[in-house]
Amino acid sequence: MTGELVERAKGKAVERVKAAARRIATEAPHLADLPAADLDRLARAVVAEELKGELKQAADLERIDYPAERETFISRASRTGSARTRDLYGRALGRLEAWCSAQGISPLELTPARADDWIADLRGQGRAPATVNVDVAAASSFWTWLERRHTELRNPFRGTRARPPRKAARILEVPGTKEIRRMEAAADPVLRAAIVLMAQGGLRVGALPSLSITGARWTATTKGKEQSGQLPAEARDALTRAGLSLRRPFEDLTATRLLDRFRYLSGKLYAAGKLQARYSVHDLRHAFAVRLYRATKGSGPKAKGDIYQVKEALGHANVGVTETYLRSLGVTD
C-alpha cells in the first residue's frame, strides 16, 4: 500500500482543477469573465487548499501498518481465547476488505457513507439480519480499537442507521423446580450429580470434566478461563451417592457425553408428558440464573435482584452480558 494513497490523490488533481474552475464560474458569476489563465490559477489555489488536508490524511494513513494492526486485533479479539471468536472477526473483516477492494479504496479510507454502503451491500446479498449485524459489530469493534491507537482515525460505523433492525428475541423456556426434580429422579446417579451441579451451581456442561473440589469450593475451567464457586450441599451429597471422587468427579467423561445423556433423558421425559419442553443442559444454567436473581430481590414493588451477584456466579465478563442474558429468559424487573 506504500505511496498508493498519495499517488491516487495527486492523480485526481487535474480533473479537480477543471471542476473547480467550472464551480467558480457557476457560483461566482462576476469571476466568470476572468481571463482563462487567471481563472485557472484561482482554481488551482482552491484545489491546493483542499488537497492539503487530503494529502495530510493520506500521509497519516500511510504510516498505519494495516495488516499488522489487523493481526494484533484478531489475536486479542477473544478474552476467553476462543478460536471461534477470532475466526468470526477475521471473516467479517475479510468481507469488508473484499468490498473495499472492489470499490478501489483502502479499508482505512472508509467514511460513514461508505460504511453504510457496505452494510447495504451485505443486506442486498440476502444474508440474515442477525449475521449482518454480527459482521457490522465486528468491524465496528476493530475501528474502535484503531481509533484508540491512532487519533487521526474515527470509527465510520458509529451511529450508523443502516444495520438491519433486530428482531425481538424469543423468550427461552426455563425448567421449573418440579421439572428439575423429575429429571434428577429419572437420571442415573452420575448424570443426577451433573444435573444438580448445573442447576444449583450454574456450571456449564463444558466445565464438568475439569471440575475439582476442595473443601466447600469448586474450581473448573470453562470457555478458556478458570472459575470457582461455593459447592451446594446437595451437589456434594449427589457426588458421594454416585461414588464419584471429589478431586475430579467427571474426569473420565467428556462434555459431549454428558450432553448426549442429558438430551436423551430430557427427550424421553418430554415425550412422556413430564416436561413442558425438550430442555438442553444450558437450560439448567438458565434456571440457576433466574432463581438466583429472584432470590436476591428485596421487598417492595420496585425491588430488583442483585444482578452483580448473578454476574459473578455465572462468570460473565461484564454486567451488560448478564442483563442481556436475563432479558432472554423473560426477567425484566
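The values are calculated or read from the model by the stated rules, or taken from the named source; none is laboratory data. Remember, it's a predicted structure, so these values are computed and weren't measured experimentally. Because the Cβ atoms are built from the backbone with ideal geometry, glycine has one as well, and the counts that use them run over all protein chains shown.
Have a look at LEU51, LEU88 and point out the one that is crowded, with 16+ Cβ neighbours inside 10 Å, closer than 27 Å to LYS225 by Cα, outside the structural domain of GLY224 (by TED's automatic domain parsing) and modelled with pLDDT under 90. Steps first, please.
Numbers: LEU51 fails: closer than 27 Å to LYS225 by Cα.
Step by step, each of LEU51, LEU88 is checked, and only LEU88 is crowded, with 16+ Cβ neighbours inside 10 Å, closer than 27 Å to LYS225 by Cα, outside the structural domain of GLY224 (by TED's automatic domain parsing) and modelled with pLDDT under 90.
Restricting to the stretch 199-217, what's the tally of residues that are free of Cβ contacts under 8 Å to residues at least 60 places away in the same chain and in a helix (DSSP H, G or I)?
As a first pass, look at the stretch 199-217 and keep what is free of Cβ contacts under 8 Å to residues at least 60 places away in the same chain: 206-217.
Keeping just the survivors that are in a helix (DSSP H, G or I) gives 206-210.
Final tally of qualifying residues: 5.
Working only within the stretch 218-247, note down all residues that are part of a loop (DSSP other than H, G, I, E, B) and surrounded by fewer than 15 Cβ atoms within 10 Å (Cβ to Cβ).
If we filter the stretch 218-247 for residues that are part of a loop (DSSP other than H, G, I, E, B), which is where we start, we get 223-224, 231-232, 242-247.
Matches in the stretch 218-247: GLY224, GLY243, SER245, ARG247.
Taking only the stretch 139-186 into account, find how many residues are aliphatic (A, V, I, L, M) and modelled with pLDDT of 90 or more. If you could, list the steps in order and put the result at the bottom.
Going through the stretch 139-186, the residues aliphatic (A, V, I, L, M) turn out to be 139, 146, 153, 162, 168-169, 171-172, 174, 180, 183, 185-186.
Pick out the ones that are also modelled with pLDDT of 90 or more and you get 139, 146, 180, 183, 185-186.
Adding up the residues that qualify gives 6.
Are any of the residues in the stretch 181-191 among the β-branched types (Val, Ile, Thr) and either outside any helix (DSSP H, G or I) or within 23 Å of ARG291 (Cβ to Cβ) (or both)? Steps first, please.
If we filter the stretch 181-191 for residues that are among the β-branched types (Val, Ile, Thr), which is where we start, we get 190.
Then keep just the ones that are either outside any helix (DSSP H, G or I) or within 23 Å of ARG291 (Cβ to Cβ) (or both); that gives none.
For the stretch 181-191, residues among the β-branched types (Val, Ile, Thr) and either outside any helix (DSSP H, G or I) or within 23 Å of ARG291 (Cβ to Cβ) (or both): absent.
Quick check on LEU96: is it farther than 19 Å from ILE64 by Cβ and touching an Asp or Glu at 6+ places or on another chain (Cβ under 8 Å)? Even if it seems obvious, please write down each step before you answer.
On the way: farther than 19 Å from ILE64 by Cβ: no; touching an Asp or Glu at 6+ places or on another chain (Cβ under 8 Å): yes.
No; evaluated as a whole, the condition is false for this residue.
Which one is modelled with the lowest pLDDT among residues in the stretch 54-78 that are surrounded by 12 or more Cβ atoms within 10 Å (Cβ to Cβ) and part of a loop (DSSP other than H, G, I, E, B)?
Top of the filtered list is SER78.
Can you name every residue in the stretch 264-281 that is surrounded by 13 or more Cβ atoms within 10 Å (Cβ to Cβ), within 25 Å of TYR325 (Cα to Cα) and touching a helix residue (DSSP H, G or I) at 6+ places or on another chain (Cβ under 8 Å)?
SER266, LEU275, ALA277, ARG278, TYR279, SER280, VAL281
Within the stretch 125-146, is even one residue of a type in the set (D, E, K, R), part of a helix (DSSP H, G or I) and surrounded by 15 or more Cβ atoms within 10 Å (Cβ to Cβ)?
Taking the stretch 125-146 and keeping what is of a type in the set (D, E, K, R), we get 127, 135.
Then keep just the ones that are part of a helix (DSSP H, G or I); that gives 135.
Applying the additional criterion that residues be surrounded by 15 or more Cβ atoms within 10 Å (Cβ to Cβ) yields 135.
Yes, the stretch 125-146 has at least one match.
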